[in-house]
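Chemist: The structure that follows is given in the form of structure tokens.
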């Protein structure tokens, strides 16, 4: 009950001010200093900085003990609470100091970095003198090889062009020959067609003449048959008339 009561009244007592905190007796201060000293001696610090050398507590532990006693805590409880707070602060400071360096360490690190940069510069100079010269020689060699390759490629291109041109000319001449042969064949075919047309025309002419002759002969034959028929009809008519006249005369 006393512990919970003291914790609940700690905030109100802290707000009341620090004017009353110096009224604790010398016994409490002596006991507190002994307790805090013993707690600091038993506390192991893992960081690079010690509490006595670099760390400072920015609050009055004796005043905090007096404040706790005024709020109902006993002297032993107050000292235990303050010792726990100191341990917690030391632990937090250890965690913070793990990510921090001192000015001396910073200067040492800077010197190491500068020496490393100087070594890198020296390595770059050596590399420029050795590797860059080798790279230049390699580049020159590659350049010569590229020039030779370019020359070979150009020779091959010229050769291919010449072959293509020769093949094109041969193909062109072959096409011309085929064209001339086809022209001759066409001319011969045209001549044959003209001869066939002339022969057909002659045959048609002879056929027409023959037809005309036959028609004329038929016409002549028809005329002669017509005259013969007229003669036969006239003779028959005269005969009939003579017979009729004979009968008529006999009758009369």
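Any read-out appearing in this document is the output of simple, stated calculations on the displayed coordinates, not a laboratory observation. Computed from a predicted structure; not experimentally measured.
Chemist: State whether the range 208-252 is rounded, prolate or oblate according to the following rule on the C-alpha gyration tensor (a ≥ b ≥ c being the square roots of its eigenvalues): a/c under 1.5 gives rounded; otherwise a/b larger than b/c gives prolate, and the remaining case gives oblate.
Modeler: It is prolate, given that a/c is not under 1.5 and a/b is the larger ratio.
Chemist: When all C-alpha to C-alpha distances in the range 140-208 are sorted into bins of 5 Å, what percent of pairs does each bin hold, rounded to whole numbers?
Modeler: 4, 12, 9, 8, 7, 9, 6, 7, 5, 6, 5, 4, 4, 3, 3, 3, 2, 1, 1, 0
Chemist: Across 10 Å bins from 0, what is the distribution of all Cα-Cα pair distances for the range 61-173, in whole percents?
Modeler: 11, 13, 11, 10, 10, 9, 8, 8, 7, 6, 4, 3, 1
Chemist: Follow-up question, since we're still on this one. How large is Rg/Rh for the range 160-252, to two decimals, with Cα atoms and a Kirkwood Rh?
Modeler: On the way: Rg = 39.1 Å, Rh = 21.2 Å.
Ratio value, two decimals: 1.85.
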